[in-house]
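Here's the structure, in structure tokens; my notes come after.
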Amino acid sequence: LYFYFIISVLLFFKIKSAFAPLIAIIIPAAISLIDMHWSPFFSLITSPILLEFAFGYILAFLYIKRPYYFGRYNLIAIPACAALILVAMQGVDSGWYRNFARMTIDYSESIHFNRLFAWGLPSLFVCIIFLSFENRIKNSNILSTMSLNLGDMTYALYLAQIPIIKFLIVFGVPTSGLGRFIFIFSPLLASILIFRFIEAPTLKRTNFILQ
């Protein structure tokens, strides 16, 4: 919510500086790395997870300004991404409010990594890889259609995944075997339905009213 608040303020005041959102995100998140117990509210707006938004912002800025950098290093990015994801999958998410939103991935009782590095870096590589193949995706009708549909459903997926997963856990759906596919595809199906029957009609009516 803090990230969206910052972006809304910048849009409202028409602040176009490329560094303003980075400063607003990185400084509070860096403060949270200090080994102290913050209040729940202050911890929420200074969570290190905000640095993942900074990753995305920097990546978008570079892609707009220097698009020719992308695609040069796929032979390195793809195996590096796969290796980082495999390593991250070996850990266990410690949860949102362990040490007040200082999210970590636990690999053993003595080995812990900040979520920013355990999952943030692999996610960054995934985005770099997809951006490097953007022209090929645009030139393929099937891939471009799939990409557009995926982009349409991502916000609904972002909002719906946790409630749906909690619902499945409460009703005893197993996390192994066939249950894994249920956990993966249920949020995807729900996000498609939410976009098709709720988000898209709402956007259409809102745009009509604003016009």
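The values are calculated or read from the model by the stated rules, or taken from the named source; none is laboratory data. Keep in mind that this is a model prediction, so the values were computed, not measured. Glycine also receives a Cβ, built like all others from the backbone with ideal geometry; neighbour counts cover every protein chain displayed. We work out accessible area using only protein heavy atoms, side chains counted, and drop any ligands, DNA or RNA first. Shrake-Rupley method; radii C 1.70, N 1.55, O 1.52, S 1.80 Å.
Of the numbered conditions (1) modelled with pLDDT under 85; (2) closer than 26 Å to Ala200 by Cα; (3) open to solvent by 40 Å² or more (accessible area, probe 1.4 Å); (4) not hydroxyl-bearing (Ser, Thr, Tyr), Ile137 fails exactly one; give the number of that condition.
Status for Ile137: all satisfied but (3).
Which number in (1) within 18 Å of the chain's Cα centre (by Cα); (2) surrounded by fewer than 13 Cβ atoms within 10 Å (Cβ to Cβ) marks the one condition that Pro187 misses?
Every condition holds for Pro187 apart from (2).
Please pick out the residue among Leu168, Leu210, Leu203 that is open to solvent by 100 Å² or more (accessible area, probe 1.4 Å) and either polar (S, T, N, Q) or free of Cβ contacts under 8 Å to residues at least 24 places away in the same chain (or both).
Working: Leu168 fails: open to solvent by 100 Å² or more (accessible area, probe 1.4 Å); Leu203 fails: open to solvent by 100 Å² or more (accessible area, probe 1.4 Å).
So the residue among Leu168, Leu210, Leu203 that is open to solvent by 100 Å² or more (accessible area, probe 1.4 Å) and either polar (S, T, N, Q) or free of Cβ contacts under 8 Å to residues at least 24 places away in the same chain (or both) is Leu210.
Residues are listed down the side, and each one gets a yes or a no for (1) at pLDDT 75 or above; (2) hydrophobic (A, V, I, L, M, F, W, C); (3) within 15 Å of the chain's Cα centre (by Cα); (4) surrounded by 16 or more Cβ atoms within 10 Å (Cβ to Cβ):
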{"residue": "Ser47", "(1), (2), (3), (4)": "no, no, yes, yes"}
{"residue": "Leu51", "(1), (2), (3), (4)": "no, yes, yes, yes"}
{"residue": "Phe61", "(1), (2), (3), (4)": "yes, yes, no, no"}
{"residue": "Ala83", "(1), (2), (3), (4)": "yes, yes, no, no"}
{"residue": "Gln90", "(1), (2), (3), (4)": "yes, no, no, no"}
{"residue": "Asn99", "(1), (2), (3), (4)": "no, no, no, no"}
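Could you tell me whether Gly179 is open to solvent by less than 60 Å² (accessible area, probe 1.4 Å), farther than 27 Å from Phe130 by Cβ and not polar (S, T, N, Q)? Even if it seems obvious, please write down each step before you answer.
On the way: open to solvent by less than 60 Å² (accessible area, probe 1.4 Å): yes; farther than 27 Å from Phe130 by Cβ: yes; not polar (S, T, N, Q): yes.
In short, yes.
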